[in-house]
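The values are calculated or read from the model by the stated rules, or taken from the named source; none is laboratory data. All figures in this text were calculated on a predicted structure; none of them were measured in a lab. Don't worry about glycine lacking a Cβ; one is built from the backbone with ideal geometry, like all the others, and counts go over all protein chains shown. The protein model used for the area step is the full one, side chains on, heavy atoms only, and it has no ligands, DNA or RNA in it. Shrake-Rupley method; radii C 1.70, N 1.55, O 1.52, S 1.80 Å.
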Amino acid sequence: MIAFVARRLALVVPVLFGLSLLLFVWLRLLPGDPARALLGERATQEGIDRVNHLYGFDRSLPEQFLLFLERLARGDLGSSIRTGQSVVGSFFERFPATVELAVAGLGLAIVVGIPLGYFAARRKGGPLDHLSVGASLLGVVVPVFFLAYLLKYVFAIRLGWLPTAGRQDVRLDATHPTGLYVLDGVLTGEWDAAWDALLHLILPAMALGAIPLAIIVRITRASVLEVMNEDFVRTARAKGLTRAVIRRRHVMRNALLPVSTTIGLQAGALLAGAVLTETVFALNGVGEFLFTAVNHLDYPVLQGFVLFIAVIYAVVNLLVDVSYAVIDPRARQR
Amino acid sequence: MSLLDVRNLRVRFTSTQSVSTTAVDGVSLTVEAGEVVALVGESGCGKSATALALLGLLPGSARVEGEIVFDGEDLTTLNDRQLSARRGRDLAMVFQDPMTSLNPVVPIGVQITEVLLRHTGLSKAAAGARAEELLREVGIPDPVRRLRQYPHQLSGGMRQRVMIAIAIACGPKLLIADEPTTALDVTIQAQVLELLARLARDHGAALLMITHDLGVVAGLADRVNVMYGGRVVETASAPELFRRPMHRYTRGLLASIPALDSPRDVALTPIPGSPFDRLPWESGCSFASRCAVADEACMVPDLPMTDDSPGHRHRCVHPGGDAPVPVSVTTREPQAPSGGGSPEPLVRISDLRVRYPARRAAVTNRPVEYVRAVDGVSLDLPRGRTYGLVGESGCGKSSLGRALLRLEPVASGSVLFDGVDLAGMRERGLRPMRRRMQMVFQDPMASLNPRQSVGDILELPLRVHGVPGGRREWRAKVLRTLDQVGLPRAAEHRYPHEFSGGQRQRVGIARAIILEPDLLIADEPVSALDVSVQAQIVNLLQEVKRTLSLTTLLIAHDLAVVRHMSDTVGVMYLGRLVEEADSRELFERPLHPYTVSLMSAVPLPDPVAESRRERIILSGDLPSPANPPSGCPFHTRCPFRRETRCADEVPQVREVVPGHRVACHWAEDIAGLS
Amino acid sequence: MSAPVLAQEAVPARPGGTWRVALRRLLRRRSAIAGGVIVLLFTVVALAAPLLTPYEPGSAEWAGKITPSSVPGPGPGHLLGLDSFGSDLFTQLVYGARQSLVIGITATGLGLLVGALVGLLAGGLGGWVDTLAMRVTDVMLSIPALLLAVSVAAVMGRSPVAVMIAIAAAQVPVFARLLRGSMLAQRGLDYVVAARSVGVPTSRIVFGQMLPNSVGPVIVQATLVLATATIEVAALSFLGLGQADPTVAEWGRMLVKAQARLESAPHLALLPGACIAVTALGFTLVGEALREVLDPKTTR
């Protein structure tokens, strides 16, 4: 098991190195001048040169890359051209909001999706099956930001059941030791703060969770259908085992393998979706910050954030692989 | 009262468009307590559907009618909950493929104890102890460790033993085994069959054995039921059935399989058509469309069972009676004596080695360990003769055939084809040579491009090699070749998926002979086909070989087929050639212990011969070719193993008797020669 | 258990290659027909946009009628009313179809072309070409698709071409992997070995034998990507990375603009959103049906 994790880790390192190289080359080689973007249309050549020198843009590319790697090794990803804040600092300041949103969205998708997929498969062709197949189709085709609008309009604006934006009512003036507001409320015992944060989280989580939910339902359904046709399920029935044992030990344990892989693959889409959802609900997360960076050609921020997200993505998929290996003994040998 | 009494069982599958197909059409059979009963038939005859119906394991789309009286109780009247209380306890089943029949993500131990916990009052600890006992009983060494392992860590034979342990765990009254050895090698098959029969006897369980292999049945069963087209067409005691087969189908089946002791120089008598060319029962005997003696009398709906003698019943209008089963129709032309004419063989393989990467480094992906698939084999293929290469799976026989054609990279050694060394040749130089050597594959579906019509498939070789004449001439050649392999000319415009297995193999043979090659390599050409179809393909191969005077390398695991078709036979074990001789000599006087045990493991379709002969059942599994034993590769399983030399000295192939080469240190002693 | 085969053998098989068989099976599916109709409808609308509406897109002719509290709804002359900038909403939607389809289809085509080429080279040649291609796709796949598109679009500036390239770039590794995987699966099959044994040159095996048998999954994926691309065009535009010219109608940007008036005029968001979803639905339905038809598990 340890050897398996080590092997998987060894595969991540070259990918991340390749990624930083790729990011570097591509951000430098393609048109677009950050200094000009920073100083505006009427910048003088002198000003541009000064900015370029300040950020090292006037050195040779290999030099810049080495410089970049060296700082990377020290955990320094530079600072924003626009605000001057450190990239790492701003990332960690905003990251909890995104984590909270992503965990809530994915959690919702898993908790609802797996049982729904299972029962749809068990009653194949029944009303629940048709409903879940239809809903999962909709989940895939409705854009995240549009769904966010719809939810906001119906539940927040029309019905007024839930808040329209933000992460917590500022008037509560809650303390935030971790930055995950719901957890913070629980930790500090400020239950009203936790409750308020939770209410703020519901709509964004639903909007963000829709796509993974749809995909998890589909994969679970397909996978359960496939496993139920396997010979070993027939063997289990031939042994006279009870339905509960067959379901738990023989069907679900195998059917969850492709589902866990899917969840890992969804992590990427989830982070991308978070960018859009945060914009609609004005959640001050990584997404919003990235969005601003994009519009200002803030290279250090862009580079740092993409790298961060890739690392997170790699870590999530590593965790998925490990959990896969926990379920499936065959995977440990690969 | 019988233990099991199935009366008029019908199984229909309904698909979505309310079209139903009848898989089982009125099967009646009985099994007495402690009896071994066989249910024999080809694919699609309904034998597996019958077995699954007994346990109520058919999919939801199946409708079951009739009565299944087991131990005085009609199982068809029970609901799933009631049935599940009996399954695994009173009736237990062993399935065909032990790889897919065990849950890959659950330890072996849990898969055994769960059935004990369900049906017996044992505590968890007691069930664990019992599971250990069961593994010991089915002959799995080191059971404590095995209980914690997962199915993929066990060999095929071991997995089937685990399945058997699960089946006997609760002491069932009836054990149903559905093709339990079809997925296993011959020597493992013998072990498993012996185990099944012994355990059923020891536990006082009746055994219902479902198989397509008449050989398996002969040595094992008390009574045999032959199925065709969803019905039992003949039932008799095993000796009676093999001595006096009555139904034309049974007789046809017996006539079409070559046996290890049947005369060699005759053509097999095949049953025409395929098992799916059959009529529904409502319009008479379903075998009529493939039967040589069928007439109007056979077209009576719902033919009844006829009593022939006590215990022997059949459903045939023109039963065979006491006439012997017709084995020969046309005698084969006597072989021209070899040797004198052309001393130079067409192919001379010297010290050939083929290896595959077994393990690769994590990041660089470079192979760090190899499987030695072929490990220094030398042999000659004499012109115009058939060389049969036999061995169990993983012995390297297919790798050798493919390496000969340079379809696998050759690690070292030489392959002289008509004096030219193919081993070191570049692909470009090889291409013109390819015209002279062709291959027939095992799986006829996989070996044909699904997107090309048969005409295109057959024309491709002509086009690639620039055979003169252009399209018109090519097409004529395609049509002539279709005639030659016995396919209608209209097949030209059809696609592979529109044919039956036997017909597809004819297309495969047509592709191989259309360039009129000198050498034909046939890799398991009949093993994917139904029994009644195999004889057709065997005969076709014999015929094209004669008309084109081909040199043939026949690669097969079926000893009877190899014996029937080959002039010279070589036996391989773990990448090495262990014995080679003239076919007659080899089968009459095998000298290598492996060959001896291999032959003894093959079940004979003759209960009398089967009961008379002495069987050597090899213990243990085939070692992994990635890590072969030191010295003689066979020493770990050899019944004649000696303390000296076997474990540390690799035996070389040497001529023990003129024309008979063996790789065994003690061949003379074992054969009582010297 | 091969009992159900019975019926198939009894029915005389209709002649035809696998492609024709697949097409016939496709046309028997209601969902495929529905998807096809949707796609066709939007294509016609996009092509015939100038014939469907008398107005020009993006002309803020009626800006005067817009007040901070209200946007005129459906009425004479304006089928769906005005948008928040005083353009005809119907006109914007119709011309928006052009943008979405043109960019979506071009981007998918570009991604397919480059990805398939990489996959073909990797799968057909193997060796170091394969290793290199797979390492690069590994890296590209380690960034979420939309983020990859965002970074590309950010660097290339705001133009439809940038959006196309951005979306295409994110799909390249997916197509490359898919085709390569499917080619590798073919490489081990006996019919390819048979072609080699007959002496067919490697290039002809790759193009004449393996490729036609490998493109099934790629075609399915391409159809599904058309749906994602439509959504991504809107998403990029939603993030401010799409078309810079304010007079060009684009569904994603219409949604952004509608945000401020979600309370008073929800239809301004609802209609372009629905257009995106329905277009995506059309492509998805076709893609899903294709997948089922071409899946070897359902084909016999």
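Interface residues of segment C:101-147, defined as those with an accessible-area decrease of at least 30 Å² between the chain by itself and the complete set of protein chains (probe 1.4 Å), are C:Val139, C:Ser142, C:Ile143, C:Pro144, C:Leu146, C:Leu147.
Heavy-atom surface analysis with a 1.4 Å probe gives chain B a carbon and sulfur content of 49 percent of its accessible area. Roughly how much accessible area, to the nearest 100 Å², goes out of reach of solvent when B and C pair up, both sides summed, probe 1.4 Å? Result for this pair: about 3200 Å² buried.
Net charge of the neighbourhood of B:Glu668, taken over other residues with C-beta under 15 Å away and scored Lys/Arg +1, Asp/Glu -1, is +2.
Surface calculation, 1.4 Å probe, protein heavy atoms: B:Met425 sits at approximately 50 Å² accessible. Per q in 0.10, 0.14, 0.18 1/Å, what log10 I(q)/I(0) does a Debye calculation on the alpha-carbon atoms of segment B:5-144 return? With no solvent term, the Cα-only Debye profile gives -0.45, -0.83, -1.17. Screening chain A for DSSP H helices whose Cα atoms reach 24 Å or more along their own axis and whose mean Kyte hydropathy is at least -1.0 gives A:2-29, A:87-122, A:191-228, A:253-281, A:299-327. Annotation for segment B:626-674: GluC sites (Glu not before Pro) lying in DSSP loop with at most 16 further Cβ atoms inside 10 Å of their Cβ are B:Glu643, B:Glu649.
The Cα atoms of segment B:381-464 give a gyration tensor whose axes a ≥ b ≥ c have a/c of 1.5 or more with a/b no greater than b/c, which makes the shape oblate.
Counting only other chain Cβ atoms within 10 Å of each residue's Cβ, the peptide C:185-193 averages 5.
If you build the convex hull over the alpha carbons only and average its shadow over all orientations, what do you get for segment B:162-272? Give it in nm² to one decimal. Display every interim value, and only then the final one.
Values: hull surface 33.1 nm².
Averaging across all directions leaves 8.3 nm² for the Cα convex hull.
Where the accessible area of segment C:17-298 is counted over protein heavy atoms with a 1.4 Å probe, how much of it, in %, is carbon and sulfur? About 70 percent, which is the carbon plus sulfur part of the accessible surface. Peptide A:156-167 has a mean of 1 when you count, residue by residue, the C-beta atoms of other protein chains within 10 Å of its C-beta. Rolling a 1.4 Å probe across all protein chains gives C:Lys257 an accessible area of roughly 60 Å². Size descriptors for segment A:96-333 (Cα atoms only): Rg and Dmax, in that order, 20.2, 66 Å.
Averaging sequence separations of C-alpha pairs under 8 Å and six or more residues apart, then dividing by the length of chain A, give the relative contact order as a whole percent.
Across chain A, relative contact order equals 26 percent.
Within the accessible surface of segment A:96-333, defined with a 1.4 Å probe on protein heavy atoms only, the carbon and sulfur portion equals 67 percent. For segment B:513-597, the spread of Cα positions along the three principal axes, ordered from largest to smallest, is 40, 29, 24 Å.
Segment A:291-305: which residues show an accessible-area loss of 20 Å² or more, assembly versus chain alone, 1.4 Å probe? The answer is A:Phe291, A:Val294, A:Asn295, A:Leu297, A:Leu302.
Compared with the rule-of-thumb size 2.2 N^0.38 Å for a compact globular protein, segment C:17-298 has a Cα radius of gyration ratio of 1.19. Near B:Arg385, the amide H atoms lying under 5 Å from its own belong to B:Thr552; only residues 5 or more places off or on other chains count, and H is placed 1.01 Å from N.
Give me the net charge for the shell around B:Leu220: Cβ to Cβ below 10 angstrom, other residues only, Lys and Arg +1, Asp and Glu -1. Charge balance near B:Leu220 sits at -3. If you plug the beta carbon distance of B:Glu73 and A:Asn229 into 1/(1 + (r/R0)^6) with R0 = 41 Å, you get a FRET efficiency near 0.90. A simple packing score, the average count of other Cβ atoms within 10 Å per residue, orders the peptides A:310-319, B:554-563, A:2-11 as B:554-563, A:310-319, A:2-11, with the highest score first. Per residue, the protein assembly as shown exposes an accessible area of 41 Å² to a 1.4 Å probe, with every protein chain left in place.
Per residue, the convex hull spanned by the Cα atoms of segment A:231-334 amounts to 131 cubic angstrom.
Once C-alpha pairs closer than 8 Å and six or more residues apart are averaged by separation and normalised to the residue number of segment C:17-298, the relative contact order reads 26 percent.
How much net charge surrounds B:Gly469 when only the other residues with a Cβ under 14 Å from the Cβ of B:Gly469 are counted, with Lys and Arg +1 and Asp and Glu -1?
Combined, the nearby Lys, Arg, Asp and Glu give +3.
The GluC sites (Glu not before Pro) found in segment B:543-634 that occupy coil by DSSP, while having at most 10 further C-beta atoms within 10 Å, are B:Glu614. Association of chains A and C removes close to 3600 square angstrom of accessible area from solvent, both sides included, for a probe radius of 1.4 Å.
Just to confirm the filter: which trypsin sites (Lys or Arg not before Pro) across segment B:115-167 are DSSP coil and have at most 12 other Cβ within 10 angstrom of their Cβ?
none
As a length-normalised measure over Cα pairs under 8 Å and 6 or more apart, the relative contact order of chain B settles at 13 percent.
Under the classification rounded if a/c is under 1.5, otherwise prolate if a/b is larger than b/c and oblate if not, where does chain B fall, given a ≥ b ≥ c as square roots of the Cα gyration tensor eigenvalues? Judged from the Cα gyration tensor, chain B comes out oblate (a/c at least 1.5, b/c at or above a/b). Computed with the Debye formula from one identical point scatterer per Cα of the protein assembly as shown, without solvent, the log10 of I(q)/I(0) at q = 0.04, 0.05, 0.07, 0.08 Å⁻¹ comes to -0.30, -0.46, -0.87, -1.09.
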